[in-house]
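Take a look at the structure set out below.
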Amino acid sequence: MKIPVGVLGATGMVGQHFVKFLQNHPQFELTWVGASDRSAGKKYRDATSWRLDGTMPETTAELTVEECKPGNAPKLVFSATDASVATEIEQAFAGAGHLVVSNSRNHRMDEDVPLLVPEVNAGHLAVAKLQKQSRGWDGQIVTNPNCSTIVLTMALGPLVQFGIQRIVVTTLQAISGAGYPGVASMDITANVVPYIGGEEEKMEIETQKILGTVNGNKIVPLAAKVSAHCNRVAVVDGHLVTASVEFANKPSLADMRNAFDTFRGKPQQLNLPSAPARPVIYMEQVDRPQPRRDVERERGMAVFVGRLRECPVFDYKFIALGHNTVRGAAGAAVLNAELMHAEGLL
Ligand code: NAP
């Protein structure tokens, strides 16, 4: 018996990625879709302008879109609602006993809300139980990071053991990260836009929270300084980041490589259905990873690292690539839910 699940904001860009990612999932079955009152009452096929490659899954196309109100939705709901309404909607569902696995930014930095990257900080899930005490909710909200932060933190996960002190990261972010219609074609064609509103701040604070440790009932953020430069580039899918990192205990180059190569997390130990066999894959070629060539590998769930070398300012520098709409959105949230299922929280 599969677990019935719903998607809040199912008609939007990220919602469509959820619909696609959940198709033929071995544990979850999408039985409920919610959106605004503009879409409620219509069949999903009529309410949705399908913008992904391939066709809309037939079983979802036939579902009737509901309003995003708790009532008849399944216990587990994924959230991809517009950020302007996500706070109230997600809180209403958590208050009514739902497990809300959210992709929106609204609750990511709340003290009692885990900002999960299961390979890196599965232990942070423990703070979610505080939501019952602090907010009186019978349900919970769990979040995944911003699509560029997840690429950086997956690559840094193996390196935390060396005592990360300072990070300077520059992103080259795909157009699909801006949703639909995203960046105007006149701005992005053959161009780079060196500004993404709010992105640098999110990358800096989310990274510290994700790499932090649980002490008692609190997440203590990593004390490292993080400086992010975020840029939009003319790439369809795949966020590339270049990072320079300084450590308290500088490892050797061989230790760094070994850390990337041997890194495995809870999703791999538990053999979760959406977990990549290796979460971080080091590529030897000097000009890889590249978004167009590598982003679809491993179903978009792994992060590819390359060009590890000494940094004349900090200790080491490298590049990392991840799929922003899969590992940075729908795939990340589904993996979070698989972890919660494996931990007996569903
Ligand atoms: P979108 O395409 O504009 O979709 C927004 C969704 O929210 C639609 O399903 C829409 O329903 C629904 N919605 C809007 N107003 C609502 C209301 N008052 N009540 C209930 N539902 C409402 O946005 P998106 O790009 O998918 O982004 C969704 C969320 O994911 C945002 O919080 C965003 O920050 C986050 N996110 C996006 C990306 C990305 O790559 N785009 C990546 C990471 C995180 P209707 O169709 O009925 O209007």
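The values are calculated or read from the model by the stated rules, or taken from the named source; none is laboratory data. This one's a predicted model, so the numbers in the text were calculated from it and none came from an experiment. Positions of Cβ are backbone-derived with ideal geometry, glycine not excepted, and every protein chain shown enters the neighbour counts. Remember, those area values only see protein heavy atoms, side chains included, never the ligands or the DNA or RNA. Shrake-Rupley method; radii C 1.70, N 1.55, O 1.52, S 1.80 Å.
Taking the alpha-carbon distance from Lys75 and a cut-off under 13 Å, which aspartates and glutamates remain once sequence neighbours fewer than 8 residues away in the same chain are dropped?
Result set, ordered by chain and number: Glu29, Glu90, Asp138.
Using all C-alpha to C-alpha distances in region 38-83, build P(r) with 5 Å bins and read off the rounded percent in each one.
P(r) for region 38-83, in whole percents per bin: 5, 18, 24, 29, 18, 5, 0.
Express the C-alpha Rg of region 256-346 as a ratio against the empirical globular expectation 2.2 N^0.38 Å, rounded to two decimals. It would help to have the intermediate numbers written out before the result.
Working: Rg = 14.6 Å, N = 91, 2.2 N^0.38 = 12.2 Å.
Compared with the compact-globule rule of thumb, region 256-346 sits at 1.20.
Suppose R0 equals 22 Å; then what is the FRET efficiency for Met109 and Gln161 from their Cβ-Cβ distance, rounded to the nearest 0.05?
0.30
Please compute the Cα-Cα pair-distance distribution of region 3-50 with 10 Å bins starting at 0, giving whole percents from short to long.
Cα pair-distance distribution for region 3-50, in percent: 28, 57, 15, 0.
Can you compute 3J(HN,Hα) from phi for each residue in region 213-229, using the Karplus curve 6.51 cos²θ - 1.76 cosθ + 1.60 with θ = phi - 60°, rounded to whole Hz and x for Gly and Pro?
Karplus values, whole Hz, x for Gly and Pro: 10, 8, 10, x, 9, 10, 8, 9, x, 4, 7, 5, 8, 10, 10, 10, 10.
For the chain, with a Gaussian network of springs between Cα atoms less than 10 Å apart, report the residue from Thr189, Thr48, Thr170 with the top mean-square fluctuation.
So, out of Thr189, Thr48, Thr170, the one fluctuating most is Thr189.
Counting DSSP beta bridges with both partners in the chain, what percentage is antiparallel, nearest 5?
Expressed as a percentage, antiparallel bridges in the chain total about 45.
Between Glu58 and Lys250, how high is the FRET efficiency from 1/(1 + (r/R0)^6) when r is the Cβ-Cβ distance and R₀ = 51 Å? Nearest 0.05.
It comes out at approximately 0.40.
In debye, nearest 20: dipole of region 166-260 around its Cα centre with unit charges on the Cβ of K, R (+) and D, E (-)?
320 debye
For the chain, what is one quarter of the convex hull surface built on the Cα atoms, given in nm²?
On the way: hull surface 67.5 nm².
Taking the Cα atoms of the chain, their convex hull projects to 16.9 nm² on average.
Using a 1.4 Å probe over the heavy atoms of the protein chains, calculate the carbon and sulfur portion of the accessible area of the chain as a whole percent.
49 percent
Between their Cα atoms, which of Lys129/Lys225; Lys20/Lys202; Lys202/Lys250; Lys20/Lys43; Lys250/Lys317 are more than 19 Å away from each other?
Correct reply: Lys129/Lys225; Lys20/Lys202; Lys202/Lys250.
In sequence order, what are the phi-derived ³J(HN,Hα) couplings for region 328-341 according to the Karplus relation 6.51 cos²θ - 1.76 cosθ + 1.60 with θ = phi - 60°, rounded to whole Hz, with x for glycine and proline?
Karplus values, whole Hz, x for Gly and Pro: x, 8, 4, x, 5, 5, 5, 4, 4, 5, 5, 5, 4, 5.
Tilt of helix 13-22 relative to the longest C-alpha principal axis of the chain, in degrees (0 to 90, nearest 10)?
Result, in degrees: 90.
Placing +1 at every Lys and Arg Cβ and -1 at every Asp and Glu Cβ, with all other atoms neutral, what dipole size does the chain have around its Cα centre, in debye to the nearest 20?
With only Lys, Arg, Asp and Glu charged at Cβ, the dipole is about 380 debye.
What fraction, in whole percent, of alpha-carbon pairs in region 147-324 exceed 20 Å separation?
53 percent
Using only Cα atoms, find the angle between the long axis of helix 253-262 and the longest principal axis of the chain, and express it within 0 to 90 degrees, rounded to the nearest 10.
That works out to roughly 20 degrees.
Take every DSSP beta bridge with both residues inside region 147-324 and express the antiparallel ones as a percent of the total, to the nearest 5.
If we restrict to bridges inside region 147-324, about 70 percent are antiparallel.
For region 115-180, what are Rg and Dmax over the alpha carbons, in angstrom?
15.4, 41
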